[in-house]
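This report refers to the structure that appears directly beneath it.
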Amino acid sequence: MTDAIAETVRLPIGPVDLTTIETDAAPGFSGTKSDGKAALAEIADDLAGLQERLWAEGTSGSRRRILLVLQGMDTSGKGGVLRHAVGLIDPQGVRITSFKAPTDAELKHDFLWRIKKGLPEAGYVGVFDRSHYEDVLIAKVRGYAEPEEIERRYDAINDFEAGLAAEGTTIIKCMLHISPEKQKERLKARLDKPEKHYKYNPGDLDERAHWSKYQNAYEIALERTNTDLARWHVIPSDKKWFRNLAVAELLLATLRGMDLQWPLADFDVEAQKQRMFDETPPA
């Protein structure tokens with residue numbers, strides 16, 4: 001029932017106009033919220049099983065891995081995706097890297113330096129909670145880099161991601177697409193509930209004031225870095241349940257497409273069974 005989601009949220013290559021993509025939709029899925037939650041639960045076993053195969057391949061020398069990039073405005077639900085979608089697979093096979101504002105030490109290097117340090121190893125599902133795209137989004141909106149440097153970074157990102165793909169990394173890029181009205185609702189909810197105050201940052205309102213500029217920056221970044229090797233997916237995120245299902249379905253479709261195989265034993269299985277049969281019980 002969820003197979004169509006991956007195709008419908010994949011961004012076509014070409015010009016991008018985010019105003020034409022609904023934030024409150026559930027493309028590729030005709031069910032209700034309850035149906036969506038049930039569908040998410042139904043794919044959990046398949047996700048976990050395929051991720052175990054990816055991990056097993058990694059132990060036998062395979063270089064393959066997955067990198068899931070999550071980008072979105074504040075309250076778009078990156079944390080929710082981590083809990084409800086990525087959380088369906090074994091945490092031992094997941095590496096989550098959250099990129100905050102670069103430190104003084106990181107600023108002494110090229111913007112991709114710290115990104116490379118956070119890449120997943122073979123066999124892992126790596127997740128970037130924010131990513132190298134911050135360096136062409138907030139850097140563009142806030143003027144933290146010159147226009148010429150921003151232009152250079154688009155090409156640098158494409159080269160970087162092409163290199164990752166050549167080395168065995170499958171990249172899934174998701175822009176969590178939320179409306180300004182829904183963001184306001186979620187920010188207010190954080191203020192209304194004391195147990196949510198820790199999630200509220202007064203700086204979120206400062207960034208919200210630049211909403212139009214951020215949408216424009218996203219459109220440019222999506223268009224310039226949407227390649228055959230690293231396609232973007234725009235996930236309507238006003239509905240939390242659909243957002244979680246869509247990302248989980250993308251992970252599942254990706255894992256299925258990798259044709260993962262259990263590694264062949266490098267020992268004589270039958271001989272080991274015989275040893276077990278002949279074993280003297282431990283004293």
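The values are calculated or read from the model by the stated rules, or taken from the named source; none is laboratory data. Please read these numbers as outputs of a predicted model, since none were measured by experiment. Cβ atoms come from the backbone with ideal geometry, glycine included; neighbour counts cover every protein chain shown. Accessible surface is based on the protein model in full, side chains and every heavy atom, while ligands, DNA and RNA are left aside. Shrake-Rupley method; radii C 1.70, N 1.55, O 1.52, S 1.80 Å.
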(request) State which residue is farthest from A25 (Cα to Cα) when the search covers only the stretch 169-188 and only residues that are open to solvent by less than 20 Å² (accessible area, probe 1.4 Å) and out of contact with any strand residue (DSSP E or B) (no Cβ under 6 Å at 6 or more places or on another chain). (result) L187
(message) Between a residue in the stretch 31-55 that is of a type in the set (F, W, Y) and any residue that is open to solvent by less than 80 Å² (accessible area, probe 1.4 Å) and part of a loop (DSSP other than H, G, I, E, B), which pairs come within a Cβ distance under 7 Å, given they are 6 or more apart or on different chains?
(response) W55/G123
(message) For the stretch 140-167, give me each residue that is closer than 30 Å to Y124 by Cβ, of a type outside the set (A, V, I, L, M) and open to solvent by 20 Å² or more (accessible area, probe 1.4 Å).
(response) R152, R153, D155, N158, D159, F160, G163, E167
(request) Check the stretch 124-142 and report whether any residue there is part of a loop (DSSP other than H, G, I, E, B) and among the hydrophobic types (A, V, I, L, M, F, W, C). (result) no
(message) List pairs: first residue in the stretch 91-104 and under 17 Å from Q71 (Cα atoms), second residue aliphatic (A, V, I, L, M) anywhere in the structure, Cβ distance under 6 angstrom, at least six positions apart or on different chains.
(response) I96/V127
(message) Can you report the number of residues in the stretch 219-268 which are of a type in the set (F, W, Y) and open to solvent by 10 Å² or more (accessible area, probe 1.4 Å)?
(response) 3
(request) Residue by residue through the stretch 111-135, note down the ones that are surrounded by 14 or more Cβ atoms within 10 Å (Cβ to Cβ), charged (D, E, K, R) and without any contact (Cβ under 8 Å) to a residue 24 or more places away in the chain. (result) R114
(message) Only one of L70, L82 is in a helix (DSSP H, G or I) and open to solvent by less than 50 Å² (accessible area, probe 1.4 Å). Can you tell me which?
(response) L82
(request) Under 8 Å between Cβ atoms, at least 6 apart or on separate chains: pull out the pairs that start in the stretch 180-197 with a residue that is closer than 19 Å to K78 by Cβ and end on any residue that is surrounded by 11 or more Cβ atoms within 10 Å (Cβ to Cβ) and among the acidic types (D, E). (result) K182/D24; K182/D238; Q183/D74; L187/D74; L187/D204
(message) Looking at the stretch 189-210 only, could you name the residues that are in a helix (DSSP H, G or I) and surrounded by 14 or more Cβ atoms within 10 Å (Cβ to Cβ)?
(response) R190, K199, D204, E207, R208
